[in-house]
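Okay, structure first, notes after.
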Amino acid sequence: MSRLIVVSNRVSVPKARGAAGSQGGLAVALGSALKERRGIWFGWSGKETDTFTGDLNMQKNEGVTTATIDLESQDVDEYYNGYANRTLWPLFHYRVDLAEYESGFGKGYERVNQRFADSLGPLIDPEDMVWVHDYHLMPLGSRLRERGNKNRIGFFLHIPWPPRNLLVALPFHERLVLTMLDYDLIGFQDEESVDSFLGYCRKELQAEVGEDGTVTYDGRTVKVAAFPIGLDYEEFLEGGTTGDARQMEQRMRSSSRHRKVIIGVDRLDYSKGLPERFDALGRFFDTYPDRVKQTLYVQIAPPSRQDVATYQRIRNTLEQKAGQINGERSEVDMVPIRYVNRGYSRQELFGIYRSAHVGLVTPLRDGMNLVAKEYVAAQDPEDPGVLVLSRFAGAAEQLTDALLINPHSMEEMSEAIREAIDMPLDERKARWEKLNEVIKTTNVEKWRADFVEALSA
Ligand code: ADP
Ligand code: G6P
């Protein structure tokens, strides 16, 4: 079996039991996928230094070998905070209005991708397979090819690929896409992204696009397909049997005092549709005033990318909205919203999800959204809660038995909340069984195996 080298900007080994934190879906999924396989996980250490040395820090942790490098402060500003999170992230989440273009960002992005290639190159043996992840590292395959790497190299994008007419708003979009054609395989979360990518190649590059999802350009052929990411289902369920999970479930139940609990768990990111969700809650309380005392909305939102101004603004907006909704509707002994800015362990999250009657997952755009899957997996099969899911999450292609909503419509969200709270047990069970089956069978192991098999083909 050839060795698998996984590369991503963020490297985070599954934390020891009980530890808290949120590193997003990529880290959670890759940590699980790599445990099953001999290999290396290469990426940024998360540390900043004055000058770049390229020194490798190798560690073995819970069966996963990690190799990390530090980056210069200027790299972090231009590549991570800049091009990745101020240019690509907003644009790829359909927020052209928030995307910023500065030539320094582009240069930093190129420089760091080159640095990754130069540090990683010597670690790669001829038989290894290389799997590059996410929008931070799109040109990495091309940089490795320039260094003479002939290995199978695949790329997976964890976020949506935007439609052609959005992508062309990115200066030098053609250059970026051309570098991607140096991979052997490109994977996306859903069919919509695959179609957008192929459409771009056909129309903007005049590439030859085959029925089977291959793109041929300048003598090279790359395969493009959807590989929806999943949960480490068994491990997540096992976490649910721990004392931490049970205690948390109990804490939630006793403190909500028989109110119906609605749960939201999201990184504090504007793509997650949180202000819209808070507004929909406000509308629900206004439309059904007698429900205020019978409902508790718990929003867990750990801060993310705090050096970026758009993230500081969304944080302020939510504090203001949560304050207003509570200020207008609280009693001395009751608040309708609990707004929490911290991380929890996966076991604790399990207990939180399980105690909630409704899981509210309403991103304006999302590559997949693992929270939606975790909420379903954590439910009691005999008395499951209801998932309300945005049709603009990649997960909506698979989770068609959720209550699918348009997160831009306050009315639709407010009605879905009411419907979810009032849903009879029979319907809840029937929907949950179908959702759970999909989540169980399309787990992280299948995602990894499908991608690796397609890459080695
Ligand atoms: P994204 O990758 O954009 O953050 P996902 O929903 O795909 O969105 O993945 C988020 C991951 O981060 C999930 O596995 C979720 O459990 C985890 N997470 C989110 N919030 C928290 C939190 N407060 N504490 C711990 N883990 C969290
Ligand atoms: C999303 C991205 C990941 C990223 C994660 C957390 O899941 O697809 O690449 O790691 O968010 O964001 P951060 O900037 O903290 O790594």
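The values are calculated or read from the model by the stated rules, or taken from the named source; none is laboratory data. None of these values were measured; they are calculated from a predicted model. No Cβ is skipped: glycine too gets one built from the backbone with ideal geometry, and neighbour counts run over all protein chains shown.
The figures follow:
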item	result
Unique residue being among the basic types (Lys, Arg), modelled with pLDDT of 95 or more, more than 26 Å from GLU249 (Cα to Cα) and assigned to a helix (DSSP H, G or I) when the list is ARG305, ARG283, ARG291, ARG277	ARG283
Residue satisfying all of: in the stretch 146-166; over 20 Å from the mean Cα position of the chain (by Cα) and under 16 Å from VAL215 (Cβ atoms); surrounded by the most Cβ atoms within 10 Å (Cβ to Cβ) among these	ILE153
Positions within the stretch 337-379 being within 16 Å of ligand 2 (Cβ to nearest atom), modelled with pLDDT of 95 or more, small (Gly, Ala, Ser) and not in a helix (DSSP H, G or I), in sequence order	GLY367
Out of LEU71, LEU34, sole residue that is within 16 Å of ligand 1 (Cβ to nearest atom) and either of a type in the set (Lys, Arg) or buried (at least 16 other Cβ atoms within 10 Å of the Cβ) (or both)	LEU34
Extreme residue, surrounded by the fewest Cβ atoms within 10 Å (Cβ to Cβ), among residues of the stretch 322-354 that are of a type in the set (Lys, Arg) and under 16 Å from VAL292 (Cβ atoms)	ARG338
Any hit, the stretch 357-366, residues being within 11 Å of ligand 1 (Cβ to nearest atom), under 20 Å from GLY239 (Cα atoms), of a type in the set (Gly, Ala, Ser) and crowded, with 17+ Cβ neighbours inside 10 Å	no
Strands (runs of 3 or more DSSP E) fully within the stretch 157-245 counting 2 or more residues that are hydroxyl-bearing (Ser, Thr, Tyr) and more than 25 Å from VAL438 (Cα to Cα)	214-217
Long-range neighbours under 7 Å by Cβ, at least six apart or interchain, first residue in the same structural domain as TYR135 (by the TED database) and closer than 16 Å to SER193 by Cα within the stretch 83-99, second assigned to a helix (DSSP H, G or I) and hydrophobic (A, V, I, L, M, F, W, C)	PRO90/LEU98; LEU91/LEU166; TYR94/LEU166
Some residue of the stretch 133-146 being closer than 21 Å to SER193 by Cβ and part of a strand (DSSP E or B)	yes
From GLY187, GLY230, GLY219, GLY213, residue being over 20 Å from the mean Cα position of the chain (by Cα) and under 20 Å from GLN398 (Cβ atoms)	GLY213
Total residues in the stretch 327-342, condition within 16 Å of ligand 1 (Cβ to nearest atom) and out of contact with any Leu (no Cβ under 9 Å at 6 or more places or on another chain)	2
Unmet criterion (only one of (1) of a type outside the set (D, E, K, R); (2) over 17 Å from HIS357 (Cα atoms); (3) surrounded by fewer than 24 Cβ atoms within 10 Å (Cβ to Cβ)) for ILE229	(3)
Extreme residue, surrounded by the fewest Cβ atoms within 10 Å (Cβ to Cβ), among residues of the stretch 128-145 that are more than 16 Å from ligand 2 (Cβ to nearest atom) and among the aliphatic types (A, V, I, L, M)	MET129
Every pair of residues 6+ apart whose Cβ atoms lie under 8 Å, when the first sits in the stretch 366-384 and is over 15 Å from VAL438 (Cα atoms) while the second is near ligand 1 (Cβ under 6 Å from one of its atoms) and not in a loop (DSSP other than H, G, I, E, B)	GLY367/GLY25
Subset of the stretch 405-457 [touching a helix residue (DSSP H, G or I) at 6+ places or on another chain (Cβ under 6 Å) and without any contact (Cβ under 8 Å) to a residue 24 or more places away in the chain]	ASN406
Qualifying position, being surrounded by fewer than 21 Cβ atoms within 10 Å (Cβ to Cβ) and either at positive phi or in contact (Cβ under 8 Å) with a residue 40 or more places away in the chain (or both), among ARG277, ARG267	ARG267
